[in-house]
Amino acid sequence: SFLKPHYDHIITGAGLAGLSLLMRMMQHPFFDTAQILVIDAAQKNTNDRTWCFWEKEPDIFEPIVCKKWEQVSFIAPSYKSELNLSPFVYKMIRGIDLYTHVLSLAANKSNITFCTEPVLSVQSTQTGATVELNNQTFTATKVFNSILFEPANVLAHKSADYFLWQHFKGYEIKTETPVFNDAVATLMDFTVDQSNGTTFMYVMPTSTTTALVEYTLFTENLLADSAYNDAIHAYIQKTYGNIKYTITHQEFGKIPMTNFTFSSGAGNLINMGVAGGQVKGSSGYAFHFIQEKTKTVIADVVAGTNPLRTPNFSQKKFQLYDAVLLRVLQDKKLDGATIFTQIFSKNPPDRVFRFLNNESSLIDDLHIMSSVPTRIFLPAALYALMGVKRRRA
């Protein structure tokens, strides 16, 4: 389709953040007459990732949720429990389903245009914003950007004290005989080797013979591909016996866990997703935070208010908690398996999930804090509060 030099709104990056925003724009009549351009280097036609998240109320992507669980299990060497998530429901969405869903709805709208090209840069100007491609530059009233132009670890090492990768490899497997209880998802299983750092498996059974089995680590360095594969195979044999299975799909991902403050944008440029700091620094969770952010951005644009806000007390509070936990994990003051075991074993599940969603009250927070060792967390909290820089090894 013909590309114009100017659009009302340009979305750069058609991943979860960009397409969630586009989906919400399509659902609001305010945007029916707006000219919208979406730019991404890729076609978005592969199943490159899976999102698992918990929520109380069904949201815009409910039609493409491929599996839900009301119970999850938490497993560690010293503690094991099946958690009833109510009022939350744990849900899974496949990347390809989300891309297909949003793109097919957008294809019916004459005011939405797609461009498949790499974006070189985005910039706010006095009258709007600009997007630069290889051989053309677009202007827009507002640009919503989810592209991280500099690698996360390079950015973070410039000015942040803490940086770990949350990296994971997942297999979707199909077994010859029924082995899974598909009513219960395994949220974290820490009964795997912890010598690299915080390491756990999670298992999302989609039927009695199919599941996503994912090996996840919070460490400074990635592993050799064979190490992920060996760990997944060993875990399946250990947990389910010597079963026969085929791998129907594989995925690999890495998410930055850092106390680096990613820019929320400037002027008419609004950053979202990883680029906008919507990944929780201490857990790598992003789906929920991206949905909350796109809701508020839409509300602000419709109301004519500035989508760029300074962090409120609650956001600052959770940034502090994230920095404290990252300090403890990266300086190996206490291992992640122990921390999560203490939090899950001493608190009701809904409190833990509110806390992980940055929706907990101060009373909730005090309960969570009292479940972890004060002698380790208090000094880390004081360092974080005073902004004491971590001595690099």
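Quick check on this structure: which one of 296, 305 is closer than 16 Å to residue 142 by Cβ and outside any loop (DSSP other than H, G, I, E, B)?
Only one candidate qualifies: 296.
I need the full set of residues from region 162-194 which are of a type outside the set (A, V, I, L, M), open to solvent by less than 20 Å² (accessible area, probe 1.4 Å) and more than 20 Å from residue 74 (Cβ to Cβ), in order please.
If the condition is that a residue be of a type outside the set (A, V, I, L, M), open to solvent by less than 20 Å² (accessible area, probe 1.4 Å) and more than 20 Å from residue 74 (Cβ to Cβ), then 162, 163, 167, 169, 171, 175 are the ones that fit.
Can you name the condition, by its number, that residue 317 falls short on among (1) more than 23 Å from the chain's Cα centre (by Cα); (2) closer than 26 Å to residue 188 by Cα; (3) assigned to a helix (DSSP H, G or I)?
The single condition residue 317 does not satisfy is (1).
So residue 82 fits all but one of (1) in contact with a Ser or Thr (Cβ under 9 Å, 6 or more places away or on another chain); (2) of a type in the set (D, E, K, R); (3) surrounded by fewer than 18 Cβ atoms within 10 Å (Cβ to Cβ); (4) in a loop (DSSP other than H, G, I, E, B); what number is the exception?
(4)
Exactly one condition in (1) under 16 Å from the mean Cα position of the chain (by Cα); (2) farther than 30 Å from residue 244 by Cα is false for residue 166; which is it?
Every condition holds for residue 166 apart from (2).
Which one of the conditions (1) in a strand (DSSP E or B); (2) under 30 Å from residue 344 (Cβ atoms); (3) open to solvent by 30 Å² or more (accessible area, probe 1.4 Å); (4) touching a helix residue (DSSP H, G or I) at 6+ places or on another chain (Cβ under 9 Å) does residue 74 fail to meet, given that it meets all the rest?
Tallying (1) in a strand (DSSP E or B); (2) under 30 Å from residue 344 (Cβ atoms); (3) open to solvent by 30 Å² or more (accessible area, probe 1.4 Å); (4) touching a helix residue (DSSP H, G or I) at 6+ places or on another chain (Cβ under 9 Å), residue 74 fails exactly one: (3).
Here's a check for you: in region 124-135, which residue that is open to solvent by 40 Å² or more (accessible area, probe 1.4 Å) and not in a strand (DSSP E or B) is nearest to residue 249 (Cα to Cα)?
Within region 124-135, the match that is nearest to residue 249 (Cα to Cα) is 134.
Which one of these is open to solvent by less than 60 Å² (accessible area, probe 1.4 Å) and without any contact (Cβ under 8 Å) to a residue 60 or more places away in the chain: 361, 345, 370, 283?
Residue meeting the stated conditions: 361.
Suppose the filter is surrounded by fewer than 18 Cβ atoms within 10 Å (Cβ to Cβ) and either under 24 Å from residue 291 (Cα atoms) or in contact with a strand residue (DSSP E or B) (Cβ under 9 Å, 6 or more places away or on another chain) (or both); does residue 149 pass it?
Judged against the criteria, residue 149 is a match.
Looking only at region 215-242, how many residues end up being modelled with pLDDT under 95 and either hydrophobic (A, V, I, L, M, F, W, C) or in contact with a Pro (Cβ under 6 Å, 6 or more places away or on another chain) (or both)?
The total comes to 0.
What is the residue count in region 262-280 for residues that are open to solvent by 30 Å² or more (accessible area, probe 1.4 Å), under 16 Å from the mean Cα position of the chain (by Cα) and touching a residue at least 60 places away in the same chain (Cβ under 8 Å)?
Matching residues across region 262-280 total 1.
Take the conditions farther than 30 Å from residue 186 by Cβ, open to solvent by 70 Å² or more (accessible area, probe 1.4 Å), modelled with pLDDT of 95 or more and not in a strand (DSSP E or B) and apply them to residue 2. Does it pass?
Spelling it out, it is not the case that residue 2 is farther than 30 Å from residue 186 by Cβ, open to solvent by 70 Å² or more (accessible area, probe 1.4 Å), modelled with pLDDT of 95 or more and not in a strand (DSSP E or B).
For every residue, the table says whether it meets (1) in contact with a His (Cβ under 6 Å, 6 or more places away or on another chain); (2) at pLDDT 95 or above; (3) part of a strand (DSSP E or B); (4) closer than 29 Å to residue 345 by Cα.
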position: 113; (1), (2), (3), (4): no, yes, yes, no
position: 122; (1), (2), (3), (4): no, yes, yes, no
position: 143; (1), (2), (3), (4): no, yes, yes, no
position: 155; (1), (2), (3), (4): no, no, no, no
position: 174; (1), (2), (3), (4): no, yes, yes, no
position: 185; (1), (2), (3), (4): no, yes, yes, yes
position: 213; (1), (2), (3), (4): no, yes, yes, yes
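Can you tell me which residues in region 215-247 are open to solvent by less than 10 Å² (accessible area, probe 1.4 Å), of a type in the set (A, V, I, L, M, F, W, C), within 30 Å of residue 154 (Cα to Cα) and in a helix (DSSP H, G or I)?
232
Are any residues in region 334-349 assigned to a helix (DSSP H, G or I) and farther than 14 Å from residue 187 by Cβ, and if so, which ones?
338, 339, 342, 346, listed by residue number.
The values are calculated or read from the model by the stated rules, or taken from the named source; none is laboratory data. Just so we're clear, the structure is a prediction, and the values are computed from it rather than from any experiment. Quick reminder, even Gly has a Cβ in these numbers, built from the backbone with ideal geometry, and neighbours come from all protein chains shown. Heads up: the accessible areas ignore ligands, DNA and RNA and are worked out on the full protein's heavy atoms, side chains in. Shrake-Rupley method; radii C 1.70, N 1.55, O 1.52, S 1.80 Å.
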